[in-house]
1. Report relative contact order for the chain in percent, whole number only (criteria: Cα-Cα under 8 Å, sequence separation at least 6).
2. How would you rank 61-72, 43-54, 80-91, 99-110, highest first, on the average number of other Cβ atoms within 10 Å across their residues?
3. Just to verify a number: FRET efficiency for THR17 and GLU63, C-beta to C-beta distance, R0 = 22 Å, to 0.05?
4. Let's test the formula: R0 of 22 Å, r as the Cβ-Cβ distance of THR98 and PHE77. What FRET efficiency results, to the nearest 0.05?
5. So what are the chain's ellipsoid semi-axes, whole angstrom, largest first, if each one is the square root of 5 times an eigenvalue of the alpha-carbon gyration tensor?
6. Divide by every residue of the chain the summed helix terms, -39500 (n - 2.57) for each DSSP H run of at least 4, and state the resulting mean residue ellipticity at 222 nm, rounded to the nearest 500 deg cm²/dmol.
7. Stokes-Einstein diffusion coefficient for the stretch 77-120 at 37 °C in a medium of 0.692 mPa s, Rh from the Kirkwood formula over Cα pairs: what value in µm²/s?
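Each value in this text was obtained by applying a stated rule to the coordinates, not by laboratory testing. Everything numeric in this text was worked out from a predicted model, so none of it was measured. Every residue, glycine among them, receives a Cβ derived from its backbone with ideal geometry; neighbour counts consider all protein chains shown.
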Amino acid sequence: MHPFMDRWNHNTELYPTVAELIRGHELVLDVGCGDGTLVDYLNGLGHRAMGVDHDQSVLPTGEDANCHWADATNLPFVHDSFDAVVTVATLHHHRDPTLALGEMRRVLRPGGIIVVVGWR
């Protein structure tokens with residue numbers, strides 16, 4: 001059974017595939033995390049995941065929320081911070097997606113992986 005049968009949408013459908021692609025990469029950044037569903041899922045699988053989103057109104061609240069407000073074109077992290085960076089259906093929201101991709105690459109450690117899921 002799919003882990004998101006109760007919350008099925010085009011994004012959650014792909015979360016197990018995203019998780020499989022980043023297996024073995026511990027520290028993960030989800031760019032465009034929305035309500036934090038993917039962050040929570042990855043943390044439940046043993047990753048240390050956090051997320052950022054430019055829309056504060058969708059971010060989860062509470063002391064254990066691991067999602068923060070940030071712009072994907074100016075990520076608030078030092079170079080080489082993450083083992084993996086994922087983004088699911090977000091690049092189309094940017095005027096210049098290459099800036100966001102450049103930031104994702106900047107915060108990725110050597111040997112890391114970027115997983116980009118676009119619209120089908």
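1. Across the chain, relative contact order equals 24 percent.
2. 80-91, 43-54, 99-110, 61-72
3. The computed FRET efficiency comes out at 0.10.
4. 0.75
5. After scaling each eigenvalue by five and taking roots: 20, 16, 15 Å.
6. -6000 deg cm²/dmol
7. Using the Kirkwood radius from Cα pairs, D works out to 305 µm²/s.
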